[in-house]
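Any read-out appearing in this document is the output of simple, stated calculations on the displayed coordinates, not a laboratory observation. Being a predicted model, the structure only gives us computed values, none of them experimental. Note: ideal-geometry Cβ built from the backbone for every residue, glycine included; neighbour counts use all protein chains shown.
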There are 6 protein chains.
Amino acid sequence: MYQIGIVKRNIARADRAAVDRLAAYGVATVHEAMGRVGLMKPYMRPIYPGVQIAGSAVTVLLQPGDNWMLHVAAEQLREGDIVIAACTAENDDGFFGDLLATSYRARGAAGLVIEAGVRDVKVLTEMGFPVWSKAVSAKGTVKATLGSVNIPLVCAGALVHPGDAIVADDDGVVVVPAAMVGKVADAAAAREANESEKRAKLATGVLGLDMYKMREPLEKAGLKYID
Amino acid sequence: MYQIGIVKRNIARADRAAVDRLAAYGVATVHEAMGRVGLMKPYMRPIYPGVQIAGSAVTVLLQPGDNWMLHVAAEQLREGDIVIAACTAENDDGFFGDLLATSYRARGAAGLVIEAGVRDVKVLTEMGFPVWSKAVSAKGTVKATLGSVNIPLVCAGALVHPGDAIVADDDGVVVVPAAMVGKVADAAAAREANESEKRAKLATGVLGLDMYKMREPLEKAGLKYID
Amino acid sequence: MYQIGIVKRNIARADRAAVDRLAAYGVATVHEAMGRVGLMKPYMRPIYPGVQIAGSAVTVLLQPGDNWMLHVAAEQLREGDIVIAACTAENDDGFFGDLLATSYRARGAAGLVIEAGVRDVKVLTEMGFPVWSKAVSAKGTVKATLGSVNIPLVCAGALVHPGDAIVADDDGVVVVPAAMVGKVADAAAAREANESEKRAKLATGVLGLDMYKMREPLEKAGLKYID
Amino acid sequence: MYQIGIVKRNIARADRAAVDRLAAYGVATVHEAMGRVGLMKPYMRPIYPGVQIAGSAVTVLLQPGDNWMLHVAAEQLREGDIVIAACTAENDDGFFGDLLATSYRARGAAGLVIEAGVRDVKVLTEMGFPVWSKAVSAKGTVKATLGSVNIPLVCAGALVHPGDAIVADDDGVVVVPAAMVGKVADAAAAREANESEKRAKLATGVLGLDMYKMREPLEKAGLKYID
Amino acid sequence: MYQIGIVKRNIARADRAAVDRLAAYGVATVHEAMGRVGLMKPYMRPIYPGVQIAGSAVTVLLQPGDNWMLHVAAEQLREGDIVIAACTAENDDGFFGDLLATSYRARGAAGLVIEAGVRDVKVLTEMGFPVWSKAVSAKGTVKATLGSVNIPLVCAGALVHPGDAIVADDDGVVVVPAAMVGKVADAAAAREANESEKRAKLATGVLGLDMYKMREPLEKAGLKYID
Amino acid sequence: MYQIGIVKRNIARADRAAVDRLAAYGVATVHEAMGRVGLMKPYMRPIYPGVQIAGSAVTVLLQPGDNWMLHVAAEQLREGDIVIAACTAENDDGFFGDLLATSYRARGAAGLVIEAGVRDVKVLTEMGFPVWSKAVSAKGTVKATLGSVNIPLVCAGALVHPGDAIVADDDGVVVVPAAMVGKVADAAAAREANESEKRAKLATGVLGLDMYKMREPLEKAGLKYID
């Protein structure tokens, strides 16, 4: 149950070196390395393509049509943080724009993930400040009702604790619990190494059917080839 | 109530000089300068990113699956106009493509806003003819049923009178009543000037919490900081 | 009714020369040349803009959350084929990523059309391997349940027989029955020739109203001009 | 452009006798009688089936997550009014529940049409207080930001002036300008009379093809019968 | 590829006795009996709950905003037929209402399945004429452009040939190829018999885990019980 | 991060007497009593109207297209439990039908909340077994891949721990942490008592404007009455 009206100042951020290792892998690889869990819903899309970031979560709970807590969160940011914002209701207003982006960048933030709307997309793109959002909307918001900062919250279907590692790219957003970042980075590295080899083989025309030894299980499952 | 089968030839366009001033500001700024009203719904998206235009509305009411009135509207266009097209029913067919774009451009149109579908997106992008639409669809349309041109209509949730100023960018589309364009441009200019200052401060790391003097109202609202 | 557990090896591909001619026209033109039919639903979108391809369909029927059949399909690919994948249920998982793309490319595939999700979008973009999909999602899939390869199936509302010609661009995807490809290419060529002329005229400011002789039918339909 | 912070007290309501006549026809008939215009978008659905009402519009402009103006509107209600509520942004919160319904009923309201969410659906159903809405949601709202009452506004794609006649049933909601209610009721009556006759004929097995004399135009359009 | 402008008069309807047997089973059972295929997409919903019907398909291809072909189809109906209507584009207009329902009933139709909108829902409910549709909308349609009757078409993702058996209930709609109706009815009967037994056992508290002998495969798959 | 392949047998259920007290209040009241938090997203709808239940959560994590874990969960049910099922991916298949409902009822379950699809809706309605779901679909599922039972999970945007109290009615679904059920029931009772008084006053025509003393704050906020 969400606590309203709280700002938690001291949060245990995921180990920076381990988070940096995660940054080298994409969302798909990290999600696989975790056992196929941790993804936000696929309606979370980048406002411009081609970015891949990793960082620690500073979480923000918003009220509909009200971006007050995004201002409160700025003070809690440290170098490399990614702000994860959710709303107590479905709302696509433009909670975040170029002024907040300027402030967040000055405070070290690496990007924003918001299950709501964002605006000033052209300027954010020019600034190179990456945002993953549910919508783009110019609609302005008020500053009248409290939410919270750095409480555990659900963003786009994923549970996020403050300090968790976040990886985001063109495929979406994945959440890695802070305590598991090192282990997941190891697994991602192993998977990636393994995939490089496979990629090289497949590039020569070797079939996955043979490389993964699928022919027998397919036959067993009853697959029939006809002409 | 929509009048069907009407083309109004003489419309009072918003003052061109004032519209040109609006063009310098984005949709978000203009919408704020109007008191946070006038936006079309956020499902209206540009077919390619990075464009910002302003112009006077020539309105078109379409029937589903029928683009006849878009041809009729071409004759009513003047330099700098933006065509605003709505449909009497929900319909995502491709009402507009490169031939109509060629014609509209030759007649001086600056762009199209259509609560329906558009096609030939690759060519439109190469031509640099900007369109904001609800959908992209190759589906062709017939020319069989009358709509109207230059009647007041609702497009994507916004009321548009012929001659109103339209501003469109990556954030969406906003409508400014013709009689208010000068006043709104003034307010946008004031807001922009004000924001430049703020932007500079925020870029140095000053917090919005301090710059906007939010700490006291937040405390009064009951915000608690915990460690 | 779908046959499950079948791979058909020998399919009659559309004539390659005719398919190559289709490749010169966009989806909108081909769809018009067919009499305004054959389109997939407009929710099928390219993962990156600006590509236009044509090829022969290799069809794949998937089970939800299971991409086994995409591996089976690789063996059936020939130079220039386009894989058309549908699922027995609504599912947006990431069935296809950079490893399968590497394999498909090595086997000659020109692209993928999938009524489901795709992942590794950044790498696919860098590789230049075009995909049209309903969603982007990093969600991994299993290999446990049989579907089929090269059966007739419905993809995004369009019936596709193995070997049919597929044209895809920024406007979407259209299906041309294998037996009709030559005829449709002829019709598309005729249409295109006709449109070039029209485009030139419209570019000089001639109105479609006059060029298409619409004034009389509009008057007959009751259109009124007012001032 | 919406005026914010305004309550208009004296509005010219549509003629009650004429509105009562409209109540006898469904939304489809009234919409046809107006020339196929005036409908709200089809996502507006009744919270329970089987109701058909007509009344005069009292309009309410809401801010997202804030139902203050619904309380303000109660004072402006007269016997037979229908409240038409729109929001400055997309928002599905539960702006209206059983307490407001009790108050509205005591003030004479016949129902509510709201392009947003509603709650206490079970009690509203038991009370027999009809609501057409975009969503059902238990989410509560605040009372902090002004909107307006009895300004012209756009609700679900339809322009509504205070005092306009509203007809709502299982098919949706239609808006009739106050000045046209008598004329539209006449047209609806004529249409209905005409339809009764047709219905009787069709019930005996006469074909619409013959009754509407469609065979000739179909043949002319090129329809071919094959065996 | 759809043929436009065709009415096929003689179609081979599924065997009536076999279709009647299907009518006794729900959509879920028939779909399972076919090997889990044949379903229309789940956005096809009944306009009122509690009906279960089976019949032979008379197919109708519509153009957007145009219901001409629904009138043409009436003449082709025989006792027990179910009309299956699709549109060449996405369109939610109200193509069908109480007059057409009166005519269809007089000609023997058992119901309508339409991937588009329907109106007069209150009257259709009172008449007990069942409809499965994608939308409810009062929007009227014109009669200007040809489609076809009794061609094979795709409706809501399912391929339907004229004469195929259709089963529809609160779970949706399933299509059974005419040639397989007897076999599918046998399989459905077997499945149902089997399920009755299971239902009785489960009702006494026996677990599916034991009845289906799932404990061993679950353990093998690695399931762990913890306290 | 979800643990896959786990069944937790001993969970601490919310106090039954307190849960029973919650059952007397609707979802809206309980959500308000918690401080306006805890709601699932509004796309979770009951399969038939008019039911209001409360119980303790037994949670189930499903894989797409696979309902194995729903069978595993049956063994963990106790009198009055409500099963809360989420899926690792977006999937609307019919994971649950009348056989599972028979089993769940025999084991004491009060209902099901599933962020996916359900089938056999007609029989479930006749049985009076209530389900809240995201979709209705006849699509069958396999039993091939492990999920988990009684792990904390996110369902329709709400975090649910096994044993939490669940309240569901026509307005949706709300989650109350097990430790807070008594306190929330008290707050709901207080709110309800308070509302009964207000309801009585409003029913006599007293305005909320006066009862809630809104006139002064509205004036202060700048509301203007005009004639």
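Distances, shortest first, from the label point of E:Arg16 to those at the same position in the other copies read 5.5, 5.7, 5.8, 7.5, 8.2 nm; the point lies 7 Å along Cα to C-beta.
For region C:177-218, what class follows from the C-alpha gyration tensor (a ≥ b ≥ c being the square roots of its eigenvalues): rounded when a/c is under 1.5, otherwise prolate if a/b is larger than b/c, else oblate? Oblate, since a/c reaches 1.5 and b/c is not below a/b. Only the Cβ atoms of Lys and Arg (+1) and of Asp and Glu (-1) were treated as charged; on that basis the dipole of region A:45-204 about its Cα centre amounts to roughly 100 debye. The trypsin sites (Lys or Arg not before Pro) of region C:171-227 that DSSP puts in a loop, and whose beta carbon has at most 14 other beta carbons within 10 Å, are C:Lys213. Once a ≥ b ≥ c are taken as the square roots of the eigenvalues of the Cα gyration tensor of the protein assembly as shown, is the result rounded (a/c under 1.5), prolate (a/b larger than b/c) or oblate (a/b not larger than b/c)? Rounded, since a/c falls under 1.5. Using C-alpha pairs under 8 Å with a sequence gap of at least 6, the mean separation divided by the residue count of region B:68-164 gives a relative contact order of 32 percent. With springs only between Cα atoms under 10 Å, which of A:Met214, A:Met69, A:Met44 fluctuates most in a Gaussian network model of chain A? Fluctuation is largest for A:Met214. Secondary structure note: in region B:26-114, about 10% of the DSSP beta bridges are antiparallel. Here the 3J(HN,Hα) profile of region B:32-47, calculated from phi with Karplus coefficients 6.51, -1.76 and 1.60 at θ = phi - 60°, is 5, 5, 8, x, 6, 9, x, 7, 6, 5, x, 6, 7, 10, x, 6 Hz, Gly and Pro shown as x. Position D:Gly108: other-copy label points at 5.2, 5.7, 5.7, 6.5, 8.0 nm, ordered by increasing distance, label point 7 Å along Cα→C-beta. Here is the list for region A:39-136: GluC sites (Glu not before Pro) lying in DSSP coil, each with at most 12 other C-beta atoms within 10 angstrom of its C-beta, are A:Glu79.
Annotation note: trypsin sites (Lys or Arg not before Pro) in region F:123-172 located in DSSP loop regions with a Cβ neighbour count of at most 10 within 10 Å are absent.
Evaluate E = 1/(1 + (r/R0)^6) for D:Ala24 and F:Arg45, where r is the Cβ-Cβ distance and R0 equals 45 Å; express this FRET efficiency to the nearest 0.05.
Numbers: r = 32 Å, r/R0 = 0.72.
Computed FRET efficiency for D:Ala24 and F:Arg45 comes out at 0.90.
Separation of region B:65-99 and region F:24-83, taken as the distance between their Cα centroids, equals 48 angstrom.
All other residues whose Cβ lies under 13 angstrom from that of D:Glu115 are scored, Lys and Arg at +1 and Asp and Glu at -1, for a net of +1. Net charge dipole, the protein assembly as shown: roughly 0 debye, given to the nearest 20, about the Cα centre with Cβ charges of +1 for Lys and Arg and -1 for Asp and Glu. Within the listed set B:Leu146, B:Leu207, B:Leu62, the Gaussian network model of chain B (springs between alpha-carbon atoms below 10 Å) gives the highest mean-square fluctuation for B:Leu207.
Rounded to whole numbers, the Karplus 3J(HN,Hα) couplings from phi for region C:193-210 are 4, 4, 6, 4, 4, 4, 4, 4, 5, 4, 5, 8, x, 4, 8, x, 3, 8 Hz, using 6.51 cos²θ - 1.76 cosθ + 1.60 with θ = phi - 60°, and x at Gly and Pro. Chain F comes nearest to the axis taking it onto chain D at the Cβ of one residue; that residue and its distance, in whole Å, are F:Pro49, 6. Between this copy and the others, label points of C:Lys224 are 3.7, 4.3, 6.9, 6.9, 8.0 nm apart in ascending order, each placed 7 angstrom from Cα in the Cβ direction. Note on C:Lys201: lysines with a C-alpha under 27 Å away, same-chain residues under 8 apart excluded, are B:Lys8, B:Lys122, B:Lys139, B:Lys143, C:Lys213, C:Lys220, C:Lys224.
Would region B:1-156 count as rounded, prolate or oblate if I go by the C-alpha gyration tensor, calling it rounded below 1.5 in a/c and otherwise prolate when a/b exceeds b/c, oblate otherwise?
Working: a/c = 1.42, a/b = 1.24, b/c = 1.15.
Rounded is the answer for region B:1-156, as its axis ratio a/c remains below 1.5.
Considering only B:Ser133, B:Cys87, B:Leu207, whose Cα is most displaced toward the positive end of the charge dipole of region B:86-227, charges sitting on Cβ of Lys, Arg (+1) and Asp, Glu (-1)? Going by the charge dipole, the pick is B:Cys87. Each Lys and Arg adds +1 at its Cβ and each Asp and Glu adds -1 at its Cβ; summed about the Cα centre, region B:114-223 shows a dipole of about 240 debye.
Amide H contacts of B:Asp170: A:Lys122, B:Gly50, B:Val51, each under 5 Å away and 5 or more positions distant or on a separate chain (H built 1.01 Å from N in the peptide plane; Pro and chain starts excluded).
Of the beta bridges in region F:108-227, as assigned by DSSP with both residues counted there, near 60 percent are antiparallel. Considering only F:Ile11, F:Ile47, F:Ile151, the mean-square fluctuation computed in a Gaussian network model of chain F, springs between alpha carbons under 10 angstrom, is largest for F:Ile11.
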